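The values are calculated or read from the model by the stated rules, or taken from the named source; none is laboratory data. Remember, predicted model here, so these are calculated numbers, not experimental data. FYI the Cβ positions are ideal-geometry reconstructions off the backbone, even for glycines, and counts take in every protein chain you see. Heavy atoms of the whole protein, side chains included, go into the accessibility calculation; ligands, DNA and RNA do not. Shrake-Rupley method; radii C 1.70, N 1.55, O 1.52, S 1.80 Å.
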Amino acid sequence: MNFIETYKIGHEICDNFIDLFHKFKAHHSHGQIIKNDGKGGVQDLNIKDSTDLSINLWKSQSQPTVKKYQKILTNNLLEYGNKYEMVQQLQVGLAEIFNIQYYKPNGGYKTWHFERHHHEQSRIFAFMTYLNDVPDGGTHFLYQDLTLEAKKGDTVIWPAEWTHAHKSQISTTHEKYITTGWFSLIPDKDDGSS
């Protein structure tokens with residue numbers, strides 16, 4: 001078992017996210033990596049070459065595509081938990097922010113990385129949806145010796161741990177659009193009984 005699962009979403013949602021990305025150009029940022037101290041991002045095109053649009057789930061509830069996507073991702077996680085029953089013991093929900101990312105030809109996240117770090121301890125799973133077909137532009141997983149193809153509508157969920165280090169398969173000829181984000185632990189509320 002590699003604990004990497006793929007689900008499907010409709011192409012209309014993919015197209016709507018690409019349109020949303022282009023509609024909000026004023027909010028684009030260059031892809032950044034978090035410094036080791038967790039105190040802010042730096043841009044290094046040798047590591048990550050992307051243009052990002054961050055979407056706040058809770059502030060975007062009036063956006064129909066975001067609401068549909070949130071519901072689909074939640075259902076995907078339920079399916080994931082049905083396959084791997086121990087997941088059901090976790091209190092996990094969608095992180096507040098997810099990103100639409102654009103990679104020009106020769107762009108991508110070029111180095112091995114994983115999603116859970118000392119400054120992001122609550123991340124349990126990562127998700128990614130390919131918004132367009134990209135020949136030779138999928139995702140490599142290091143320890144699973146696996147390369148996923150970038151197929152429009154494929155939504156992938158995998159553990160955020162070091163066991164699932166991954167990087168972009170770099171297409172020299174095609175643009176690539178994805179959405180990506182995390183499922184994080186929901187903190188226990190202090191009931192005052194301690």
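Side notes on the structure shown:
- At the residue level, H11 shows approximately 100 square angstrom of accessible surface with a 1.4 angstrom probe and all protein chains present.
- Accessible area per residue (1.4 Å probe, heavy atoms of protein chains only) ranks V87, V66 as V87, V66, with the largest value leading.
- Rounded accessible area of Y143 (nearest 10 Å², 1.4 Å probe): 140 Å²
- Total lysine pairs whose alpha carbons fall under 19 Å of each other in region 113-194 (8 or more apart, or interchain): 5
- The loop-placed GluC sites (Glu not before Pro) in region 76-120, going by DSSP, that have at most 15 neighbouring Cβ atoms within 10 Å of their Cβ come out as E96, E120.
- Heavy-atom accessible surface of D188, to the nearest 10 Å², is about 140 Å², with a 1.4 Å probe and all protein chains retained.
- Value of Rg to Rh for the chain (Rh from inverse mean 1/r over Cα pairs, i.e. Kirkwood): 0.95
- Using θ = phi - 60° in the Karplus curve 6.51 cos²θ - 1.76 cosθ + 1.60, the 3J(HN,Hα) couplings for region 136-151 round to 6, x, x, 9, 8, 10, 4, 7, 8, 6, 9, 10, 7, 7, 7, 10 Hz; x is entered for Gly and Pro.
- Once the Cβ-Cβ distance of L78 and N46 is raised to the sixth power relative to R0 = 45 Å, the FRET efficiency obtained is 0.70.
- Put simply, the amide H of K48, placed in the peptide plane, has neighbours under 5 Å in K110, leaving out anything fewer than 5 places away on its chain.
- Close amide-amide hydrogen proximity is noted between F127 and G181, W182, F183, each under 5 Å apart and 5 or more residues distant or on a separate chain (H modeled in the peptide plane; Pro and chain starts excluded).
- Surrounding net charge for G31, when Lys and Arg each add one and Asp and Glu each subtract one, Cβ distance under 10 Å: -2
- With all pairs of separate Cα atoms included, region 57-156 yields a Kirkwood hydrodynamic radius of 15.6 Å.
- With Cα atoms, 0 to 90° folded angle of helix 11-23 axis to the chain main axis: 70 degrees
- Coil-residue trypsin sites (Lys or Arg not before Pro) of region 87-157, DSSP, other Cβ within 10 Å capped at 13: K151
- Computed FRET value (nearest 0.05) for H28 with D145, which takes r as the C-beta separation and R₀ as 35 Å: 0.50
- Between the amide H of H174 and those of N106, distances stay under 5 Å, these residues lying 5 or more places away or on another chain, with hydrogens modeled in the peptide plane.
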